[in-house]
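Asks: Before anything else, here's the structure in question.
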Amino acid sequence: MQKISPLYQKRLFKSLILPFFAVFVGGCDCLQKVEGKVYDSLSMKELSDVVIYKQSESYHNIKTDSKGEFKYSDVDGGRNCSEVALVFEKTGYKSDTIVFSANTVAAVVKLEK
């Protein structure tokens, strides 16, 4: 049996083991998507310009469009990729924090005055 040189061992480690480790460790990122509509809780009127952001990241926000619709997406590197807590705020309404599953479509949010 032929002995492997230390230089070859280093090269093998760098070319095979390190990339595998990087993919394994870095592979925890996930895409979190939530889509839906925001309404006034009493009149059921669609609410435009509602500010929406992830509870842990208030600097990254979106707004609902003129029909009250929103599409939020973010890449999360955390351990809890199955859920995302979104905060909904609009002047004249109580802010609300709702926890959604990471890939929610057709969410209905009702804000109270």
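The numbers here are math on the coordinates, done by the rules we state, and not lab data. Remember, it's a predicted structure, so these values are computed and weren't measured experimentally. Every residue, glycine as well, gets a Cβ built from its backbone with ideal geometry; the counts of neighbours run over all protein chains shown.
Asks: What distance in nm separates the simple spin-label points at residue 61 and residue 81, each placed 7 Å from Cα in the Cβ direction?
Replies: Reported label-point gap for residue 61 and residue 81 is 2.8 nm.
Asks: Now for a different question. Cut-off under 24 Å on the C-alpha distance; same-chain residues fewer than 8 positions from residue 3 excluded. Which lysines are left, in chain and number order?
Replies: The qualifying lysines are 14.
Asks: Using the Cα atoms as the points, what is the convex hull volume per residue of region 61-113 in Å³?
Replies: 90
Asks: Hey, with R₀ at 22 Å, roughly what FRET efficiency would residue 71 and residue 112 work out to, going by the Cβ-Cβ distance, to 0.05?
Replies: Efficiency, rounded to the nearest 0.05: 0.40.
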